[in-house]
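Inspection log for the structure reproduced underneath, given as structure tokens.
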Amino acid sequence: MIDLFRLTSFRIIFIYIVLLVLSIGFVAFYLYWSTSRDFQTKVDNEIIQESIRLSQVHMRYKEVGLIREIQYLSKTPNPNLYILRDSNNKFIAGNFSDTNSLWNLIRLDEGGVLFSFEKKNNNGETIRKYYFRGKEFIVRGKYNLIVARDVSYENYLKERFFNTILSTSLLIIFLGLLGGYVLSRNFLNRISAINKTSLEIMDGDLSMRLPTSSNNDELNQLSLNLNNMLDRLNKLMIGMKDVSDNIAHDLRTPLNKIRTNLEVTLMSNPDSESYRETIKEVIDEVDSVINTFNSLLAISRVDSGSISLKKEKINIKNLIEDIVDLWEPLAEEKGVILNNECDIDIYLEGNKNLLSQAISNLIDNAIKYGESKNIVNVGSRDNTDTILIWVSDTGPGIQDNDKEKVLDRFTRLDTSRNTSGTGLGLSLVTSMIKFHKGTIELLDAKPKGLIVKLQIPSY
């Protein structure tokens, strides 16, 4: 059985319900308390004002004037209750003469009183119960005056108000609980579906995808992001399989060649010169294998970000001049004209070693796969926010449908099958340019040849 309190969604919903109940309870209590206080304050103020007025009547007209005023008020419609008694508790004046029916008289601070009486029928059955709240005054130690107000209707309103608030609060709480249940059930169902799909993916079925909905909420966005990650992971797995196949294919040939050369040499009873020639060929093949592994290692390190590479301010003109000077002897040997088209100082924030290797690989490809009397041009230009670096040649070029392929690992075109290489040169350049958040573009040169453009942000 699932422990609901271990689920983040359930805890969130539980906290929401608790806060909802507490908030509604607080608001309901405050409304009831403030309304009751307002009712009571209004009645008390009116009673106090009436008491002050009667006190003034007594001061001006003495006892006789007070008695006459109370008698007058008792005969006119009046919301107040007046009871004037002497020191022997004998009724003198007022609109409530049945003082014997007074019961449960409660005296409060500052002269306040609470009392009630019951109205009965001829059979002695209680018809109605009245509640009063008022003030009690002692007039010169001779008279006892009570000025009160019927608060039965006030109590009725307070009771109705309390019941209304209580029922409304319970309704809101019920709707909140119902909404929370619906939301939690929907949320938990979606979480359950995601967990189920995740287990299937963990079992090795990378074709499975997390369920999504039309709701553009955080959970749906999470599913979309994970699905995109799975797509990339699946693509990566396919790429890894292709890479492993290519590695097996590209390494099998030189290793078989090494083995064959060694066997032939051993079986042919060679002289020392033949041994030397065989060893030289073996070294060349081993160097090719080492270069392949070094290129793969460099690509994987750059792509994964497993190495920490510092960036510095680089003078691109000076960098290209150094690279051209390094490759010029090999170009002359191959009958290739290598030109430097950088004529102004351009600065770039980047890693000098990676940029040098990327440009060197492009020049190496242009010399290696070009024709005799090939012309290779290397240059750069400042495009405001980006730095453009290009390497062009007048070789055979690349077909349009092959331009995307050559950027993949171990891709070697048919026109270059007879030329030594690993098929990793342009792939390595791509990884190094991506490290600099740049782009690589392959274009046709006029009238023939290839232009490789590198666009790198200058900041």
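The values are calculated or read from the model by the stated rules, or taken from the named source; none is laboratory data. On a predicted model such as this, the values are computed, not experimentally measured, just so you know. Reconstructed Cβ throughout: ideal geometry from the backbone, glycine too, with neighbour counts over all protein chains shown.
Structure data summary
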{"quantity": "Residue check for L338: hydrophobic (A, V, I, L, M, F, W, C), modelled with pLDDT of 75 or more and not in a helix (DSSP H, G or I)", "calculated": "yes"}
{"quantity": "Selected residue (criterion: farthest from the chain's Cα centre (by Cα)) from residues of segment 138-194 that are of a type outside the set (V, I, T) and in a strand (DSSP E or B)", "calculated": "Y143"}
{"quantity": "Close pairs from segment 422-446: first farther than 16 Å from L348 by Cβ and at pLDDT 85 or above, partner of a type outside the set (S, T, Y) and in a strand (DSSP E or B), Cβ under 6 Å, at least 6 apart", "calculated": "E441/K453; L442/V452; L443/I451"}
